[in-house]
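> Below: one structure in structure tokens.
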Amino acid sequence: MLSEEQIKKIISANESLQIQLADANAMLAAREEEIEFLNTELAESTALRSKLDGQQAQIESIQDQLGQKQQAAKGAEEREFELHQELTGMALLNKQYNELVQDYAYLQSQYKDILAQLTSLQHQNLQLEKAAGSIGELQSRLENSLLEREVLKERINLLEVQKFIKEI
């Protein structure tokens, strides 16, 4: 059996080991707490990383949408420029159209004036034709009258000659 001193040494060694075991258990508990803390930190970090990845995907999606909107805006600007050019062209055509309308109105006015002059000339021509007809008729009557006069002169001369012959 063991002597008392050996027992005291064993007890002392046991107490020392118990203290070391308690220290080791405390260290182990501290390490476990630290591991648990680190696991919590890792889980939070993973969650944050996942959240960050989601946000990055959202940012990329927003950037894509922004790029599409910029493309659409550029297309809209080009269409606006084209529409502006079309409107400018239409304004020019409208101006030309208005000028043509004015020219047409002026030409219509001139046409009416010329038509009125033509009607007047036709009326005058008709009067001239009537006058020419009257003049022709008067000339014919004059010629007939002159012929009758000549015939009458000859008859008078003939009668005078006959009267003179009778007197002789």
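> Just a yes or no: is a residue in segment 115-130 over 60 Å from the mean Cα position of the chain (by Cα), on the phi < 0 side of the Ramachandran plot and among the aliphatic types (A, V, I, L, M)?
Yes: one or more hits.
> Given the criterion assigned to a helix (DSSP H, G or I), modelled with pLDDT of 95 or more, surrounded by 10 or more Cβ atoms within 10 Å (Cβ to Cβ) and among the aliphatic types (A, V, I, L, M), identify the matching residue among Ala26, Ala91.
On inspection, the qualifying residue turns out to be Ala91.
> Cβ-Cβ distance below 7 Å, separation of 6 or more or different chains: which pairs start in segment 43-56 with a residue that is in contact (Cβ under 8 Å) with a residue 40 or more places away in the chain and end on one that is exposed (fewer than 10 other Cβ atoms within 10 Å of the Cβ) and not hydroxyl-bearing (Ser, Thr, Tyr)?
Within 7 Å, no pair qualifies.
The values are calculated or read from the model by the stated rules, or taken from the named source; none is laboratory data. Bear in mind that the values here come from a model prediction, so they are computed numbers and not experimental data. Every residue, glycine as well, gets a Cβ built from its backbone with ideal geometry; the counts of neighbours run over all protein chains shown.
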